[in-house]
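Below is one structure, written out as structure tokens; comments come after it.
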Amino acid sequence: MSTISIELSVVVPVYNEEKNIEMLFNRIKENIPVSDWELIFVNDGSADNTLPLVIGLSHQYKQVKYIDFSRNFGHQHAISAGIENATGEYIIVMDGDGQDPPELIPELLEKAKSGFEVVYAKRKKRQGEGFLKKFTAKAFYRILRNITSIEIPVDTGDFRIIHRKIQAILKQMPEQHKYIRGQISWIGFNQTFIEYDRAERIHGTTKFTYKKMIQFALDGISSFSTWPLKIATLMGFGVSFICFIVILYTVYQKLFGFTVTGWTSMQISILFLGGIQLIGIGILGEYLGRVNENVKNRPHYIIKDSNIESLK
Ligand code: UDP
Ligand code: MG
């Protein structure tokens, strides 16, 4: 482990956030309660003016560091890159759109210092997000809680503070499909939370389409639960049992001679079995695909440019 050089690192993933950078930076700067800090912007392949703005800030303030990805690798990989290269004793992760209020930084740090390796910020209310987003998010967190063996806190994003002990362990968890909040819960130690009202995005729109959200939800579930595989097995048993009864019934019909009719039942059973089998194969495929990605062992992200010494 490298020696501790500063007290606090703040990691902010940014993807096309040109309108938010300036204001977010000022709000973060005003709310940092220590003298020794750094702010790491991870530019996740933005196509707008995000990078020049961030580099501009880094020229003005020595605390501002940046990591520029060679393309868009996704929110979770951006956070990972920031965490891995942070040098603070404590590391805060927050979104770059103002939805995670920097005003909570002092409270997060104070709580962490009172003896917690992880303090996450739990959303009491979410403003400015549509019914469907809120509903699907709520449902997802609850389903995940019920089917995983570890306690992943509900209604919590990646906005949190972690101690560098957690950082060191995260670096040893090389899975490709990251669900960082799940990984952090899995690590253990003393974890607690503070509550806040989640604000609206200041500018721009969400980068998470429903497609990305479903992908992310599947990553979360497949990384921390084998429940879908069990469901496939249970469905297999259930359907086999029904089939067994239908077979008895078919034999009975054959023996007692009512054999001509039956197109409807044939059709239903073929479609039903076909459907169940496809679901089973699909679930296997989801897991197998992820095994395949992990076996390839590619780097999780590629850094094009950075002003961090160790990455130059
Ligand atoms: N983000 C990113 N890469 C992506 C998508 C998002 O770095 O591929 C960043 C984005 O700039 C923001 C944060 O991740 O700082 C959260 O994204 P967003 O606000 O779009 O998600 P939401 O709050 O709607 O869940
Ligand atoms: Mg947001």
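Just the protein heavy atoms count here, and of the accessible area of the chain at 1.4 Å, carbon and sulfur take up 61 percent. Largest to smallest in accessible area, the residues 278, 8 fall in the order 278, 8 (1.4 Å probe, all protein chains included). Within segment 84-101, whose backbone N sits under 15 Å from a point 7 Å along Cα→Cβ of residue 113? Backbone N within reach: 89-92.
Given Cβ point charges of +1 (Lys, Arg) and -1 (Asp, Glu) and nothing else, what value in debye, to the nearest 20, does the dipole of the chain about its Cα centre take?
So the dipole magnitude of the chain works out to roughly 1020 debye.
Classified by the C-alpha gyration tensor, segment 155-312 has a prolate form. Its axis ratio a/c, with a ≥ b ≥ c, is 1.5 or above, and a/b is larger than b/c. Counting only protein heavy atoms and using a 1.4 Å probe, the accessible area of residue 186 comes to about 140 Å². Spin-label model, residue 302/residue 244: points 7 Å from Cα along the beta carbon direction are separated by 5.5 nm. When the surface is traced with a 1.4 Å probe over the full set of protein chains, residue 87 keeps roughly 50 Å² accessible. Given R₀ = 25 Å, what would the calculated FRET efficiency be for residue 49 paired with residue 127, taking r from the Cβ atoms and rounding to 0.05? Taking R0 as 25 Å, the efficiency between residue 49 and residue 127 is 0.40. Distance from the C-alpha centroid of segment 21-46 to that of segment 77-106: 8 Å, rounded to the whole angstrom. Note on residue 208: accessible area approximately 70 square angstrom, rounded to 10, probe 1.4 Å, nucleic acids and ligands left out.
How much FRET efficiency would the formula 1/(1 + (r/R0)^6) give for residue 36 and residue 295, where r is the Cβ-Cβ distance and R0 is 41 Å, rounded to 0.05?
Values: r = 42 Å, r/R0 = 1.02.
Taking R0 as 41 Å, the efficiency between residue 36 and residue 295 is 0.45.
Segment 175-249 to segment 120-173: how many Å between their Cα centroids? Computed from Cα coordinates, the inter-centre distance equals 12 Å.
Probe of 1.4 angstrom, ligands and nucleic acids ignored: what's the accessible area per residue over the chain, in square angstrom? Please list the in-between numbers first.
Numbers: 16680 Å² over 312 residues.
Result: 53 Å² of accessible area for each residue.
Note on the chain: helix-only mean residue ellipticity at 222 nm, from DSSP H runs of 4+ residues weighted -39500 (n - 2.57) and normalised by residue number, equals -16500 deg cm²/dmol.
Rounded, prolate or oblate: which fits segment 6-74 when a ≥ b ≥ c are the square roots of the eigenvalues of the alpha-carbon gyration tensor, with rounded for a/c under 1.5 and prolate only if a/b beats b/c?
Prolate is the answer for segment 6-74, as a/c is 1.5 or above and a/b outweighs b/c.
Is the chain rounded, prolate or oblate when judged by the Cα gyration tensor, a ≥ b ≥ c being the square roots of its eigenvalues, rounded requiring a/c under 1.5 and prolate requiring a/b larger than b/c? Taking the square roots of the gyration eigenvalues as a ≥ b ≥ c, the chain is prolate.
The values are calculated or read from the model by the stated rules, or taken from the named source; none is laboratory data. These numbers come from a predicted model, not from an experiment. Note that we place each Cβ from the backbone using ideal geometry, even for glycine, and neighbour counts take in every protein chain shown. The protein model used for the area step is the full one, side chains on, heavy atoms only, and it has no ligands, DNA or RNA in it. Shrake-Rupley method; radii C 1.70, N 1.55, O 1.52, S 1.80 Å.
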